[in-house]
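The values are calculated or read from the model by the stated rules, or taken from the named source; none is laboratory data. Values in this document were obtained by computation on a predicted structure and should not be read as measured data. Don't worry about glycine lacking a Cβ; one is built from the backbone with ideal geometry, like all the others, and counts go over all protein chains shown. Heavy atoms of the whole protein, side chains included, go into the accessibility calculation; ligands, DNA and RNA do not. Shrake-Rupley method; radii C 1.70, N 1.55, O 1.52, S 1.80 Å.
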Amino acid sequence: MRKNVKNLLLQGLAAALLAGGALGAVNASSDEASASTKPGPHNGSHATPLKKNAFTGVWPTLKFQSRGADVLTAQHLLAARGYAVTPDSAYGKETTAAVRRFQSRAGLKADGVLGPKTWGKLTALTVRRGNRGHAVKAVQVQLALTADGVFGKRTQAAVANFQKKKNLKSDGIVGPKTFDALITGSAAATPRPAARGYSLQFSKNKKHPTYSKLSLIRDGKTLKSWRAGSGLGVKDECASGQGWLPNGSYPVQAHFTNRDGNAIDGYAIQLPNKTCRPKAGTKRVTRTDLFIHSEMTRTGGQGKDTPNRDDADRWEGANDYKSLGCIKLAPADIKDLFKRLDQARWPKNLALRVG
């Protein structure tokens, strides 16, 4: 009898512990769901490490001589991890050396270039109300707040407001998903029923337009994504020949591998005209000559290199992702896209979704 009572007590205790664990999982914030259960210091210098990251945006690539807010953010994150860097927004020798040391310790290629993999490791931390230090300053820099390194009410409110705009859980806690959104400009996708068949999706990176993304999707699953650009750095959708493609749906009208046009040659996908309204109460503007294309000859090759000139039929670097309002891919990428759509026999209802 005593043994049975003891067993019943042990079973009840085990059930209570399991229930407590389940409640803890339910109450965890969206950014903390994958966090390590081991306790960590919360002074902002060494925030809670995380086991797994799930980034959705395109991280900026920083290297020697890069400048700007993203460099300053990276420097604060390095300083938060104990690396000797001067947060001055300039990616100099000191920062390059610190990045190399961090990469080496993180098991990454120590090339001193801060790319997606390094960003993923560098932002694998959590900061929240009450923290102090460089990790907090990194958040404040991205939110354009006074970088005083104190995670107080003002910073918490700014974080929560930002999370709400980005479709993240608005808990005021900065974990990897929020760092992703802060630095890449990406937003959490709004769940919707998966569409059947093939489609194209152009996802705009508003912070770094030439790091936008074109994806080929089948039955709601992304088969392949490529770096893409649109416009000439002008984010106004209605700026004819300059702004990037307006949001909306575009049924594919035609595709070519040997187009011979005034500005667009070789591999190209033709899209219909699109109307948009610059501002409420103003006349609509019609955007014309819209394509997904690259820079190549009409036969799909590369033209000759003319010194000191931007050749329209030759891909010469990252600056070529800019276009006259179309979507541009690198030559090898648009050929890869065509190869995949050839295999799919170019579905009749193929459409591009922008935004």
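Of all the criteria given as (1) within 24 Å of Asn273 (Cα to Cα); (2) open to solvent by 20 Å² or more (accessible area, probe 1.4 Å); (3) touching a residue at least 60 places away in the same chain (Cβ under 8 Å), the one not satisfied by Ile327 is (2). State which residue is nearest to Ala106 (Cα to Cα) when the search covers only the stretch 125-141 and only residues that are at pLDDT 95 or above and open to solvent by 10 Å² or more (accessible area, probe 1.4 Å). Applying the filter and picking the extreme gives His134. More than 19 Å from Lys117 (Cα to Cα) and modelled with pLDDT of 50 or more: does that describe Asp70? It is false that Asp70 is more than 19 Å from Lys117 (Cα to Cα) and modelled with pLDDT of 50 or more. Among the residues here, His42 qualifies as surrounded by fewer than 21 Cβ atoms within 10 Å (Cβ to Cβ) and either in a loop (DSSP other than H, G, I, E, B) or modelled with pLDDT of 50 or more (or both).
Would you be able to say whether some residue in the stretch 281-289 is among the basic types (Lys, Arg), under 25 Å from Arg353 (Cβ atoms) and surrounded by 14 or more Cβ atoms within 10 Å (Cβ to Cβ)? For the stretch 281-289, residues among the basic types (Lys, Arg), under 25 Å from Arg353 (Cβ atoms) and surrounded by 14 or more Cβ atoms within 10 Å (Cβ to Cβ): present.
Against the criterion of being part of a loop (DSSP other than H, G, I, E, B), out of contact with any Cys (no Cβ under 6 Å at 6 or more places or on another chain), open to solvent by 30 Å² or more (accessible area, probe 1.4 Å) and modelled with pLDDT of 90 or more, Ser199 does not qualify. Considering the stretch 242-355, the qualifying strands (runs of 3 or more DSSP E), each wholly inside and each with 3 or more residues that are modelled with pLDDT of 90 or more, run over 248-251, 254-260, 265-271, 290-293, 351-354. Inspection of the stretch 89-104 identifies at least one residue that is among the hydroxyl-bearing types (Ser, Thr, Tyr), assigned to a loop (DSSP other than H, G, I, E, B) and on the phi > 0 side of the Ramachandran plot.
The set of residues in the stretch 105-121 being out of contact with any strand residue (DSSP E or B) (no Cβ under 9 Å at 6 or more places or on another chain) and not in a helix (DSSP H, G or I) consists of Ala106, Gly107, Leu108, Lys109, Ala110, Asp111, Gly112. If you go through the stretch 258-272 and keep only what is of a type in the set (S, T, N, Q), more than 19 Å from Ala228 (Cβ to Cβ) and surrounded by 11 or more Cβ atoms within 10 Å (Cβ to Cβ), you end up with just Asn258. Could you say whether any residue in the stretch 152-159 is in contact with a Phe, Trp or Tyr (Cβ under 9 Å, 6 or more places away or on another chain), outside any loop (DSSP other than H, G, I, E, B) and open to solvent by 10 Å² or more (accessible area, probe 1.4 Å)? So far as the stretch 152-159 goes, no, none of its residues is in contact with a Phe, Trp or Tyr (Cβ under 9 Å, 6 or more places away or on another chain), outside any loop (DSSP other than H, G, I, E, B) and open to solvent by 10 Å² or more (accessible area, probe 1.4 Å). Entry remark, the stretch 165-187: residues being open to solvent by less than 30 Å² (accessible area, probe 1.4 Å) and at positive phi number 2 in total. For the stretch 162-173, does any single residue satisfy the condition of being among the aliphatic types (A, V, I, L, M) and not in a loop (DSSP other than H, G, I, E, B)? No, the conditions are met nowhere in the stretch 162-173.
Of everything in the stretch 207-234 that is on the phi < 0 side of the Ramachandran plot and not in a strand (DSSP E or B), the residue that is surrounded by the fewest Cβ atoms within 10 Å (Cβ to Cβ) is Leu232.
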